[in-house]
Amino acid sequence: MPVKAIQIRAHGGPEQMQLVELEVGNPGPGEIRIRHHACGLNYIDVYQRTGLYQLNLPHTLGMEGAGVVEAVGEGVTHLKAGDRAAYASNPPGSYSEARVMPAKTVVKLPDGIAFDTAAGMMLKGLTAQYLLKKTLPVEGLQKGDFVLFHAVAGGVGLIACQWAKALGLQLIGTAGGAAKCALAREHGAAHVIDYKSEDFVARVKEITGGKGVKVVYDSIGKDTFEGSLNCLRPFGLLASFGNASGPVPPFAPGILGPKGSLYLTRATLFTHIATREAAQAMADDLFAVVQSGAVKIRIDQRYPLADVAQAHRDLEARKTTGSTVLLP
């Protein structure tokens with residue numbers, strides 16, 4: 001069965017993504033075939049396209065999608081043909097009309113959540129879930145605690161603003177420009193810092209009465225790493241989960257001591273959803289908070305799958321807010 005998909009044959013710029021026809025067969029043991037109604041766009045797709053995260057080439061991109069299960073392979077019991085389903089999952093391949101993929105991290109999608117909403121929230125929402133619920137400072141997080149979250153007007157950030165507020169946390173966000181800062185405030189950020197015109201380290205110290213925050217969630221990488229460490233109180237945690245400005249260069253672990261016996265982790269979603277049970281439990285938590293209305297998913301950009309190169313350019317130029325979906 002031929003389907004249209006976006007494939008790269010070499011690492012590089014957006015122009016490396018080509019619309020091709022691929023043959024999709026039947027699922028093998030532990031696999032499903034899913035027909036996509038919408039696919040998510042995420043910064044990890046850029047890392048894989050450029051080669052910061054290496055793929056075996058040629059390869060179809062895309063880590064997130066939602067649609068209808070067409071067939072299930074031997075041993076798959078939690079899904080059946082006709083089920084609405086969604087996922088954030090390795091290996092890449094969601095930039096396609098349909099695909100065969102491992103079933104273990106694909107979850108049944110509640111009827112009350114639309115396909116485009118699901119495609120815009122699975123990777124980002126599960127990321128916010130593991131950060132705020134599982135990636136915690138040694139002293140834990142209590143209601144009223146300050147946390148710092150970079151890139152707060154993006155897809156993960158806007159979900160985190162709302163979820164942190166629901167948990168009783170005071171989220172301090174950074175964003176570039178007045179419009180993005182206003183968007184974060186609308187979504188529940190307690191304080192927002194415009195990194196284009198303000199020193200975020202000085203502002204965090206001011207907001208927290210000089211104490212600093214217990215945890216910084218940082219997807220920016222190189223440009224914010226040192227400042228993020230300087231925002232932490234003693235025993236604080238820097239949770240690095242992305243490299244939008246480039247990877248953090250090597251550093252001496254000894255610097256963490258004088259700054260307050262700090263902790264550092266490089267977290268990834270895929271460790272957290274490595275088993276079907278873990279993926280299902282995290283998805284259930286995400287679905288519940290979305291269906292309760294406490295977290296609303298903003299999809300601010302929609303592109304036809306064939307226009308994926310423009311979607312990547314806009315994402316890299318920081319022109320996007322909220323979530324972006326591709327429509328096959």
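The values are calculated or read from the model by the stated rules, or taken from the named source; none is laboratory data. Bear in mind that the values here come from a model prediction, so they are computed numbers and not experimental data. Ideal geometry is used to build each Cβ from the backbone, glycine not excepted, and the neighbour counts take in all protein chains shown.
Within region 93-129, restricting attention to residues that are among the charged types (D, E, K, R) and in a strand (DSSP E or B), the residue that is surrounded by the most Cβ atoms within 10 Å (Cβ to Cβ) is Arg99.
Hey, among Ile159, Ile193, which residue is surrounded by 22 or more Cβ atoms within 10 Å (Cβ to Cβ) and in a strand (DSSP E or B)? Don't jump to the end; show me each part of the working.
Working: Ile159 fails: in a strand (DSSP E or B).
Selected residue: Ile193, the only one of Ile159, Ile193 that is surrounded by 22 or more Cβ atoms within 10 Å (Cβ to Cβ) and in a strand (DSSP E or B).
Residue by residue, here is whether (1) of a type in the set (Val, Ile, Thr); (2) modelled with pLDDT of 95 or more; (3) in contact with a Gly (Cβ under 6 Å, 6 or more places away or on another chain) holds:
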{"site": "Ser261", "(1), (2), (3)": "no, yes, no"}
{"site": "Leu286", "(1), (2), (3)": "no, yes, yes"}
{"site": "Leu305", "(1), (2), (3)": "no, yes, no"}
{"site": "Arg313", "(1), (2), (3)": "no, yes, no"}
{"site": "Thr321", "(1), (2), (3)": "yes, no, no"}
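Filtered by the rule that a residue be without any contact (Cβ under 8 Å) to a residue 60 or more places away in the chain and under 15 Å from Val156 (Cβ atoms), region 265-284 gives a lone residue, Thr268.
Within region 8-24, residues that are charged (D, E, K, R) sit with their Cβ atoms under 9 Å from residues that are assigned to a loop (DSSP other than H, G, I, E, B), at 6+ positions apart or across chains, in these pairs: Arg9/Leu57; Arg9/Pro58; Glu23/Met1. The condition (being at pLDDT 95 or above, touching a strand residue (DSSP E or B) at 6+ places or on another chain (Cβ under 8 Å) and surrounded by fewer than 17 Cβ atoms within 10 Å (Cβ to Cβ)) is satisfied by just one residue among Gly30, Gly40, Gly140: Gly30. For region 274-307, a residue qualifies if it is touching a helix residue (DSSP H, G or I) at 6+ places or on another chain (Cβ under 8 Å) and under 30 Å from Glu21 (Cα atoms), and the qualifying residues are Ile299, Gln301, Arg302, Tyr303.
Determine whether region 182-192 contains at least one residue that is over 21 Å from Leu238 (Cβ atoms) and among the acidic types (Asp, Glu). Yes, region 182-192 has at least one match.
Just need a number here: residues in region 162-177 that are assigned to a loop (DSSP other than H, G, I, E, B) and closer than 19 Å to Ala317 by Cα. Even if it seems obvious, please write down each step before you answer.
We begin by selecting, within region 162-177, every residue assigned to a loop (DSSP other than H, G, I, E, B); these are 167-169, 176-177.
Checking the rest, the ones that are also closer than 19 Å to Ala317 by Cα come to 176-177.
Counting residues in region 162-177 that are assigned to a loop (DSSP other than H, G, I, E, B) and closer than 19 Å to Ala317 by Cα gives 2.
Kindly check whether there is at least one residue in region 115-138 that is touching a residue at least 24 places away in the same chain (Cβ under 8 Å), among the β-branched types (Val, Ile, Thr) and within 30 Å of Pro328 (Cα to Cα). Checking region 115-138: at least one residue is touching a residue at least 24 places away in the same chain (Cβ under 8 Å), among the β-branched types (Val, Ile, Thr) and within 30 Å of Pro328 (Cα to Cα).
In this structure, does Glu198 turn out to be surrounded by fewer than 19 Cβ atoms within 10 Å (Cβ to Cβ) and farther than 25 Å from Thr320 by Cβ? Let's see the steps before the verdict.
On the way: surrounded by fewer than 19 Cβ atoms within 10 Å (Cβ to Cβ): yes; farther than 25 Å from Thr320 by Cβ: no.
Judged against the criteria, Glu198 is not a match.
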